[in-house]
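Notes for the one structure printed next.
The values are calculated or read from the model by the stated rules, or taken from the named source; none is laboratory data. None of the values given here were measured: they were computed from a predicted structure. All Cβ positions, even for glycine, are placed from backbone atoms using ideal geometry, and neighbour counts span all protein chains on display. Heavy atoms of the whole protein, side chains included, go into the accessibility calculation; ligands, DNA and RNA do not. Shrake-Rupley method; radii C 1.70, N 1.55, O 1.52, S 1.80 Å.
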Amino acid sequence: MALKETILGLSPFAFYTLDDADDTAADLSGNGHHGTYVNLPPDGRAYREIKAGLPLAPTFRPVEDTHITTPISDNITTGTVIFIARPQALGNTGLVVGQKQFLAGSYTAFPVGVEVFETDSSQRYTLTLSAGDDYQLEVSISVDAEKDVTSLVIAHWSPTESYIEASGLTRVTGPGCTISASSEVWTIGRPSSEYGSGVGKRRFSGQIGYVSLLNRKLTEVEVDNIKSAFLSSGAPQSSKVSGIVQINGTPAQRTVRAFGYNPTVHQIEGEAVNLSKSLGHATSDPDTGEYTIDLLAGYDKRIFVVAFDDYGSDFSADMAVAVGDRVHPTTPNGYVWECTGAGMLPSSEPTWIVDEDTAQLYGTASMITRPFYRPMVHGPVAPEVTSTVTYWTPAEIATVLWLDASDQSTISIANGYVQAWSDKSGRGITFNATQPGRGAVVIENKLNSLPVLYGNGIDTSMIAADPIVSGSSDRHIFMVARCDSTGPGTSTLVTMGTDSGNTGDVFQMTGEVGIRIRGGNRIFNQTVNVGEYDLLQFSSTDGQSTGLQARLNGVQLTEASIVNAGLNTNGGSSLFFKTQPASTGDTEYSSGFIAEIVALPETATLDDRLKLEGYLAHKWGLDGKLPSDHPYKASAPVIGAI
């Protein structure tokens with residue numbers, strides 16, 4: 001079920017998706033608590049972005065003091081807030097959602113509110129409560145503007161308990177708090193009144209969506225359903241598993257859970273633990289035994305399913321039981337006792353009578369014996385993929401070069417060697433072998449069952465007549481490659497163009513994770529793993545060595561050394577080799593493999609970069625190398641996902 005429908009099914013007190021096309025903040029709960037944007041820029045939609053989990057969500061900018069006020073001023077002593085947020089700036093405390101009050105002097109506290117603030121390199125969501133003396137519960141996530149992380153946050157408070165949790169993190173719990181009343185209204189993005197002085201005080205920076213306020217506590221099943229809906233909101237497909245539960249040939253009602261057949265790594269209390277991933281659950285029909293489980297995020301790998309019998313509750317003295325409740329003895333004996341007539345159990349544990357035909361009186365409750373069946377496991381089985389959508393590719397953005405070794409229609413072969421490798425960007429660039437027999441070699445089924453091009457490091461050399469990007473213009477190049485030699489003199493993978501007759505003046509991407517231009521360079525600290533495929537990317541923003549950036553498998557690298565020089569790539573481009581200036585007579589060849597290259601005529605936007613990383617990583621089987629909080633770690637980007 002979609003996240004929107006899941007939240008509406010909770011009967012919220014107020015619910016704001018914030019995806020309204022007309023820049024309103026409509027309350028979808030049916031309770032009429034419509035919000036009002038304050039200080040929304042004239043073209044508010046210009047500040048909206050379509051990204052996974054936050055369709056058209058507005059960007060709150062402290063400098064413009066954009067926020068939303070609601071008409072809600074209720075003193076909600078027991079409640080829950082749910083929202084999705086994507087913080088985009090660090091350093092200032094910002095209110096995501098809450099209600100403010102004034103205390104003595106200039107001190108401001110929240111009867112209840114969720115804030116986000118930065119400590120060192122981590123971002124923390126904080127549930128702040130106030131009852132004369134305020135206190136906080138904090139849950140930390142690793143967030144920075146580069147990683148563009150979207151989090152689902154759920155926070156609950158009451159006079160007896162409180163908790164806060166964020167996507168993928170262990171819940172943090174705390175004591176209850178009887179919060180004091182406030183005349184202020186609930187707001188989104190900043191307090192309802194100014195706090196302190198200066199721009200940005202208590203104002204959130206980033207995107208917020210799907211804000212829901214409830215005047216009750218959620219059940220754990222409801223929490224699980226919300227999490228599943230959030231994780232599935234950008235799924236590239238949907239899938240399910242169906243079956244029938246029978247006991248001794250008779251249909252039976254059981255809770256059935258699906259798990260990934262192959263264990264995955266989970267971080268639990270700071271340790272990496274291999275566990276089977278829980279993918280969903282359902283209850284089988286009592287008359288037919290049939291069940292269907294919608295699997296998390298369109299899971300399509302092998303699974304196993306487990307049917308669980310109801311073991312009931314531990315016996316406790318004077319416990320009230322209703323019809324259908326089950327109780328088991330303190331000493332297991334293979335049976336449970338099911339209530340057939342409501343009442344209260346005795347003050348001490350009785351002698352349990354095993355009689356499956358006749359109910360017995362225990363205290364004032366009638367109970368009948370039922371055999372307890374151990375969990376039944378079935379698998380491995382293949383899920384049924386029920387729907388698909390279109391995957392995102394570089395065809396959705398403007399490129400100046402797109403070489404794809406998996407597209408055999410772009411490759412011409414003669415006598416076993418690639419004679420020409422054609423560009424898919426639409427520019428018509430073609431890389432040709434410098435001589436017959438010196439082109440790359442296609443190696444079938446090499447990487448994720450796809451073909452790649454191999455350069456032998458001896459004489460493999462392919463050239464294009466034109467530069468990939470001309471002059472000193474901005475550029476961003478992505479490539480999936482494997483370097484079998486990483487020295488600075490033997491590892492040239494791609495050159496983007498030479499400088500007017502001087503073949504030494506190049507924008508040269510090397511396996512040492514470095515860029516060399518003319519007499520300058522910028523080398524980065526981390527090197528590629530020799531013999532392993534990696535996702536490399538390089539970009540330039542100012543036409544100088546100082547503006548060069550590099551990433552390895554989605555992680556930005558730090559500089560090891562730099563010699564400044566200007567870019568001027570106006571001659572031809574090359575693959576697998578770089579010819580040095582004629583005065584030296586030297587030629588560098590690279591030993592390694594190239595799977596795909598995508599080049600942009602500018603530095604990629606954050607959204608495009610993340611999508612390109614996700615596209616390339618999943619296509620070539622490198623998703624395991626992406627950071628754990630990458631938005632496309634679990635699945636490749638798709639067109640139209642929310």
Checklist line | Peptide ranges 400-407, 370-377 listed from the most packed, as the mean C-beta count within 10 angstrom indicates | finding: 400-407, 370-377
Note to self: Using square roots of five times the C-alpha gyration tensor eigenvalues, list the equivalent-ellipsoid semi-axes of the range 329-377 in whole Å, biggest first.
What the structure shows: 20, 13, 9
Notebook entry, point to check: Quick one: if you stick a label point 7 Å off each Cα along the C-beta vector at residue 406 and residue 351, how many nm between them?
Noted result: 7.1
Margin query: Bins of 5 Å, beginning at zero and ending with the bin holding the largest distance: percent of Cα pairs per bin for the range 300-415, please.
Written below: 2, 9, 13, 13, 7, 6, 6, 6, 5, 5, 4, 3, 5, 5, 5, 4, 1, 1, 0
Checklist line | Net charge of Cβ neighbours under 15 Å - reference residue 281; Lys, Arg +1; Asp, Glu -1 | finding: -3
Notebook entry, point to check: If r is the Cβ-Cβ distance from residue 414 to residue 448 and R0 is 25 Å, what FRET efficiency results, to the nearest 0.05?
Noted result: 0.40
Check: For labels at residue 287 and residue 532 in the simple 7 Å Cα→Cβ model, what's the distance in nm?
Finding: 5.7
Note to self: Using the basic label-point model (7 angstrom from Cα toward the beta carbon), what is the residue 318 to residue 465 distance in nanometres?
What the structure shows: 9.6
Item checked: Alpha-carbon Rg with Dmax, taken over the range 369-470, Å -> 23.1, 85
Item checked: Using a Förster distance of 22 Å, the FRET efficiency for residue 344-residue 311 (Cβ separation, nearest 0.05) -> 0.55
Check: So what's the gap between the Cα centers of the range 290-308 and the range 363-382, to the nearest angstrom?
Finding: 20
Item checked: Accessible solvent surface per residue of the range 334-449, calculated while the other protein chains remain in place, 1.4 angstrom probe, Å² -> 54
Check: residue 183 to residue 370: extension gain in nm, 0.36 nm per residue of separation minus the Cα-Cα distance?
Finding: 61.7 nm
Next item on the list: Rank by packing, highest mean first: peptides 592-605, 412-425, with packing defined as the count of other Cβ atoms within 10 Å averaged across residues.
Entry: 592-605, 412-425
Next item on the list: At 0.36 nm per residue, minus the direct Cα-Cα distance, what do residue 542 and residue 73 gain on full extension? Give it in nm, one decimal, please.
Entry: 163.7 nm
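In the neighborhood of residue 328, defined by Cβ-to-Cβ distances under 13 Å, what is the net charge if each Lys or Arg adds +1 and each Asp or Glu adds -1?
Local charge sum for residue 328: -4.
Would you mind checking the pairs 446/611; 277/301; 277/633; 301/446 and listing those with alpha carbons more than 18 angstrom apart?
Distance filter (> 18 Å) returns 446/611; 301/446.
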Next item on the list: Could you please report the charge total around residue 239, scoring K, R as +1 and D, E as -1 over all other residues with beta-carbon less than 11 angstrom from its beta-carbon?
Entry: -1
